[in-house]
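Please treat every number below as a calculation from the coordinates, not as lab data. Owing to the predicted nature of the structure, the values given are computational and were not obtained by experimental measurement. Cβ atoms come from the backbone with ideal geometry, glycine included; neighbour counts cover every protein chain shown.
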Amino acid sequence: MQDLDAVRINFHENGLIFLNILLGLTMFGIALELKLEDFKLLFKKPKASITGIVSQFLLFPLATYLLLWILSPPPGVALGMLLVAACPGGNISNFITSLAKGNTALSISLTAFSSSLAIVATPFNFFFWGNLYPPIRNVLKEIALDPFDVFKTILTILLIPIALGLLTNRFLPKFAVKAERPLKLLSGLIFVAFLVVALAANIEIFLRVIHRVFLYVFLMNSIGFFLGYFFAKIMRLDERDARCISIETGIQNSGLGLVLIFAFFEGQGSMAIIAATWGIWHAIAGVSLAWFWSKRTKNRNA
């Protein structure tokens, strides 16, 4: 049986440039609907906001780290899991929260804030927990990865597009209103097309190893959803806030993870497969969970 860490993904350097542009465009589209009021909500509901941030940037990486000790995956798989756990919330979390009858306004605020905070929190979490887990620590030493390089990449593809989107909304509000929905739809479709093309180029590799990585992704993703929900309940938040925080914790920006993998790990196969599998599965699981919650809400109201 082929070693997972020996797997290599077929991915051209031009694909990385395209993925960077696409991710930046996606974040710009999300930021077009943001207003300063969305950030003010974080202070209007400090308990819910702090709960969401702690759940996503502290508890979820910690839970993933503990999962590594329990499952002892190959080093490349462990790197991929920890990198995904260190990423901010995914751009589909707002849609899924709305579908789940959760607090969409809080979701938008948390997504924007977590994406901004990611320039510091993502490299910190990845290197902090990675250096506490010996198999990852050894790999990080071998490749001599500089946290500041990761910081600069995240700054370029997350924070700058968000800032430009906010400025566009502030000074060109009519354009922002007209462009926001088409841009989000277009970037979403292009991203799906990009994943399909990348998957088609690696379909034999993907089919050969998917069954060996899916359990890791499934367990990690399930922990994210449950952790976010029950931590919110422990903090005595209402149902809508708990659903929002559950989704913000379980939906991660795997697109950012893929950019970092191809930029700094030379497309290390098992890492990329973890991030790609996560990108597919978290959407399926998130929509399924949202459907369950929406039906539950309707039954309560009946």
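Using +1 on the beta carbon of Lys and Arg, -1 on that of Asp and Glu, and nothing else charged, what's the dipole of the range 165-266 about the Cα centre, debye to 20?
340 debye
Is any helix in the chain, taking whole DSSP H runs, at least 18 angstrom long along its axis by alpha carbon and on average at least -1.0 on the Kyte-Doolittle scale, and which ones?
Those that clear 18 Å and a mean of -1.0 are 13-31, 104-130, 173-201, 203-234, 269-301.
Quote the charge dipole size of the chain about the Cα centre in Debye, to the nearest 20; the model charges only the Cβ of Lys and Arg (+1) and of Asp and Glu (-1).
The calculated dipole for the chain is roughly 1300 debye.
Count the net charge of all other residues whose Cβ sits under 11 Å from the Cβ of residue 241, scoring Lys and Arg as +1 and Asp and Glu as -1.
Here the charged neighbours net out to +3.
Sort 172-178, 62-68 for me by packing, meaning the mean count of neighbouring Cβ atoms within 10 Å per residue, highest on top.
Taking the mean over residues of other Cβ atoms within 10 Å, the ranking is 62-68, 172-178.
Divide by every residue of the chain the summed helix terms, -39500 (n - 2.57) for each DSSP H run of at least 4, and state the resulting mean residue ellipticity at 222 nm, rounded to the nearest 500 deg cm²/dmol.
-26500 deg cm²/dmol
For the chain, what does the relative contact order come out to in percent, with C-alpha contacts under 8 Å and a separation of six or more?
36 percent
Assuming a viscosity of 1.002 mPa s and a temperature of 20 °C, what translational diffusion coefficient in µm² per second does Stokes-Einstein assign to the range 131-253, Rh being the Kirkwood radius over Cα pairs?
Using the Kirkwood radius from Cα pairs, D works out to 114 µm²/s.
Report the equivalent ellipsoid semi-axes for the chain in whole Å, largest first, defined as the square roots of five times the eigenvalues of the gyration tensor built from alpha carbon atoms.
Semi-axes from the Cα gyration tensor: 29, 23, 19 Å.
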